[in-house]
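Written below as structure tokens is the structure these notes are about.
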Amino acid sequence: MTAEAQNRLIGHVIDGETNMPVAGSSVFITNTSLASVTNKEGYFEIPGIPAGIYKLIITHVGFETVTYDFSTEKMPAKLKVMVKPKVVAMEAVVVGGYVTETWEKWGKTFTDYFIGLSNNSTKTVIKNHKTLRFRFYKKLNKLEVIADEPIIVENKGLGYKLAYQLEHFEINFNERTNFFAGHILFTDMKVNSRQVKKWQESRREAYTGSMMHFFRSVYEGNSLEQGFEIRRVKKLRNLEKDRVRALYRQNPNQSFGDSSGYYQKVLSQKDFTYEYGATLTVDSFRIVKEGQKFIYWPDYLQVVNKHKIEEQGYLDHHMERRSRYPARSLMMLQNEPALLLDANGNWYPAQGLLSEWYWGWGEKVGDLLPLNYLPPAAIADAG
């Protein structure tokens, strides 16, 4: 991503009913710090866009949010955006579907899954938690969170203020999965030069070994040089443990006699075992077609970054008493034949990838960096 790869987006926001310009609209590229506000004629301009694939967000009080997907390879000369007045609809009543819960009950759970538990997450706070609404589905054992306005997050660990427009948040406690998505605008927090230097170092540490770092290296084809070791993995379920667990569930009060010792031993085993293949090159799971880059693999990929050591909080969370290792993560594709990559380390569709282990624990809002972030070495190269 060089200085020559910067682009500019110009647009005009118009009321779709009156055909009049809409001044004061917030316009930003999600997951970046690139933003603008429409002037009195409804025009906006966003310069300095690195090469890549993006989603533009246009919001204004009283109007529906508009999103626009674009690529810097096919930039429109001038974008015309028609916005429609927002229609306030009554929320549907779901009889027996969910119960409304409170921040007092679910706030910590939401914060742990949304902000995270890393060192940076401990320095990150939600400033307007009253905008959040909690729905708990008892039959499904699932928590859903809705935000009536952008969630304002201050990250004093990395020096960013985030406006997070939450589109979806869900924790499925039965399946032990969590997914959230939304549109984010990053803004640099203002402070003295000494603090800025500390934030720059914290951002570099957060970037090293992150999913953004990894997928940028996959896009460039230099993952090995960036310190990543990649292996294909098969995740094998412990079928004997499933059988024994089912016996206990069917007969919770029954004595199993002489077999009890064996059953207890099986129940203490892990739910899964893993078969590891040989190390892989990027070209074994990256496909280049008509100038675009896609990734695909069966089963799982294990990614180890030798330059990223696990945080102690990761071991504490999993109650593991051992030394800290280079961070290991697992990834699988979810209901997608392949994912499209761009130069910023983004993949599409976003929900097509499931991560576990270190990335499953650490890739939360407290450690997020904007897509237009460049680590110091890359900034030097671009200059």
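The table that follows gives values for the structure above.
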read-out	value
Matching strands (runs of 3 or more DSSP E) fully within the range 34-137 where at least 1 residues are among the small types (Gly, Ala, Ser) and in contact (Cβ under 8 Å) with a residue 12 or more places away in the chain	35-37, 43-49, 66-71
Inter-residue pairs, beta-carbon under 9 Å, first over 24 Å from Ile309 (Cβ atoms) and in contact (Cβ under 8 Å) with a residue 60 or more places away in the chain and in the range 345-369, second buried (at least 21 other Cβ atoms within 10 Å of the Cβ) and small (Gly, Ala, Ser), 6+ apart	Asn346/Gly52
Residue check, Glu170 under 19 Å from the mean Cα position of the chain (by Cα) and surrounded by 14 or more Cβ atoms within 10 Å (Cβ to Cβ)	yes
Check on Thr18, exposed (fewer than 15 other Cβ atoms within 10 Å of the Cβ), part of a strand (DSSP E or B) and hydroxyl-bearing (Ser, Thr, Tyr)	no
Qualifying residue in the range 351-366 (condition: over 12 Å from the mean Cα position of the chain (by Cα) and part of a strand (DSSP E or B))	yes
Count - residues of the range 262-300 that are more than 23 Å from Asn344 (Cα to Cα), modelled with pLDDT under 90, in a loop (DSSP other than H, G, I, E, B) and not acidic (Asp, Glu)	3
Conditions (1) buried (at least 16 other Cβ atoms within 10 Å of the Cβ); (2) part of a loop (DSSP other than H, G, I, E, B): number failed by Glu320	(1)
Considering residues of the range 323-334 that are under 30 Å from Phe70 (Cα atoms) and in contact with a Gly (Cβ under 7 Å, 6 or more places away or on another chain) only, the residue surrounded by the most Cβ atoms within 10 Å (Cβ to Cβ)	Leu333
Selection status of Lys308, within 30 Å of Leu247 (Cβ to Cβ) and either loosely packed, with under 11 Cβ neighbours inside 10 Å or modelled with pLDDT of 90 or more (or both)	no
Selection count where residues are touching a strand residue (DSSP E or B) at 6+ places or on another chain (Cβ under 7 Å) and either open to solvent by 50 Å² or more (accessible area, probe 1.4 Å) or at pLDDT below 85 (or both), scope the range 48-74	7
Where a residue in the range 5-33 is touching a residue at least 60 places away in the same chain (Cβ under 8 Å) and its partner, wherever it lies, is among the acidic types (Asp, Glu) and part of a strand (DSSP E or B), with Cβ under 6 Å and at least six apart	Ile10/Glu45; Val22/Asp15
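The values are calculated or read from the model by the stated rules, or taken from the named source; none is laboratory data. Treat the numbers as computed from the prediction; the structure is a model and nothing was measured. All Cβ positions, even for glycine, are placed from backbone atoms using ideal geometry, and neighbour counts span all protein chains on display. Heads up: the accessible areas ignore ligands, DNA and RNA and are worked out on the full protein's heavy atoms, side chains in. Shrake-Rupley method; radii C 1.70, N 1.55, O 1.52, S 1.80 Å.
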